[in-house]
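What follows is calculated from the coordinates using simple rules that are stated; it is not laboratory data. Here the structure is a predicted model, which is why all the values come from computation and not from measurement. No Cβ is skipped: glycine too gets one built from the backbone with ideal geometry, and neighbour counts run over all protein chains shown.
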């Protein structure tokens, strides 16, 4: 039986305006995994996924560099982790097509995210939007990744990746050719909600910029958004149970806990009984201290795009070197003569 080397793969779409939610929900975990030397790590900007919906070319190129800048500014070291954009490594597209021939229509029909994104207009949605979970499987399995940092909303797609891997292994009588990748779900991560409505997730698509902290917001704007965040008139409780029916209070406390690396219980032990007039300035100071330097570095990098492009090019070469022999094995297994460029 093959023993697969521990390898992490994850990616983010270049859709612009990364938020505090992206930072706490994904980037913090990426950086933490960098300290786990047992893993080889690949972090991709999945630009091929982005074109499943209409994109303005110049905006897509800028957004791709912005995500790469966010990776670096958040603490990913291009020398310790492989950072690249998906379209630079052809193995993703090649294996993506192969997996559309392995996956079953019924599997894809069960994907809830397609239904959510296509809505009532699914007949007008691109085929790519429907089948992009097979490309996601290719992203992971092109490197035989064993672990994938995912949010709860991506678990279904990872399960599909496991199904595709198992079916390939079985159909072609190559047991353990692909690993069945395991999810790495960051424990105790706050689900970051809108600053204007604590019942809705913080989103870069929200019409109100005041609903979110963008990673590129400067210190003054971050502080202003925290000061104006929606709250209620009651003082903060001393125990987490007291937040149950207070979504805005729960959100702000959760942000403080996640940014400071302590539990909600510990935050409430310090601020319980106080009003938001005392808590918000502390939260603003903490958020500025954590996020403003990331925005400063992102702006610096975006002003020197050649520096970003050099990181992406180097990462793509290293990623392709990993994918190339795997892809050739896949082509040989399928009986495709001479294929597998990576």
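So the values come out like this:
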{"quantity": "Normalised per residue, the volume of the convex hull around the Cα set of region 303-342 (Å³)", "calculated": "53"}
{"quantity": "Whole-angstrom gap from region 55-132 to region 11-40, using each part's C-alpha centre", "calculated": "16"}
{"quantity": "Alpha carbon centroid spacing (whole Å) that separates region 264-330 from region 160-184", "calculated": "32"}
{"quantity": "Prolate/oblate/rounded call for region 179-240, Cα gyration tensor, a/c under 1.5 rounded", "calculated": "oblate"}
{"quantity": "Approximate spin-label separation residue 203-residue 93, in nm, with each point projected 7 Å along Cα-to-Cβ", "calculated": "3.1"}
{"quantity": "Separation of the residue 270 and residue 156 label points, Cα + 7 Å toward Cβ, nm", "calculated": "3.9"}
{"quantity": "Inter-probe distance in nm under a simple model that places probes 7 Å from Cα toward Cβ, at residue 307 and residue 110", "calculated": "4.7"}
{"quantity": "Contact order normalised by residue count of the chain, Cα under 8 Å, 6+ apart, percent", "calculated": "23"}
{"quantity": "Computed [θ] at 222 nm, deg cm²/dmol, the chain (DSSP H ≥ 4; -39,500 (n - 2.57); rounded to nearest 500)", "calculated": "-16000 deg cm²/dmol"}
{"quantity": "Cα-based shape type of region 248-291, given that a ≥ b ≥ c are square roots of the gyration tensor eigenvalues and the cut on a/c is 1.5", "calculated": "oblate"}
{"quantity": "Net length gained if the chain between residue 210 and residue 289 were fully extended (0.36 nm per residue, minus Cα distance)", "calculated": "26.5 nm"}
{"quantity": "Gyration tensor (alpha-carbon) shape descriptor, region 215-257, a/c threshold 1.5", "calculated": "prolate"}
{"quantity": "For the chain, built as a Gaussian network whose Cα springs stay under 10 Å, the top-fluctuating residue of 196, 65, 246", "calculated": "246"}
{"quantity": "Relative contact order %, region 209-300, counting alpha carbon pairs below 8 Å whose residues are six or more apart", "calculated": "43"}
{"quantity": "Sequence ranges 121-130, 259-268, ranked by mean other-Cβ count within 10 angstrom, highest first", "calculated": "259-268, 121-130"}
{"quantity": "Cα convex hull of region 209-300 - mean projected area over all directions, nm²", "calculated": "5.6"}
{"quantity": "Evaluated at q = 0.13, 0.16, 0.20 Å⁻¹: base-10 log I(q)/I(0), Debye formula over Cα of region 241-342", "calculated": "-0.69, -0.78, -0.98"}
{"quantity": "Ellipsoid equivalent to the chain - semi-axes via the Cα gyration tensor, in Å", "calculated": "38, 21, 19"}
{"quantity": "Antiparallel DSSP beta bridges within the chain, percent to nearest 5", "calculated": "10"}
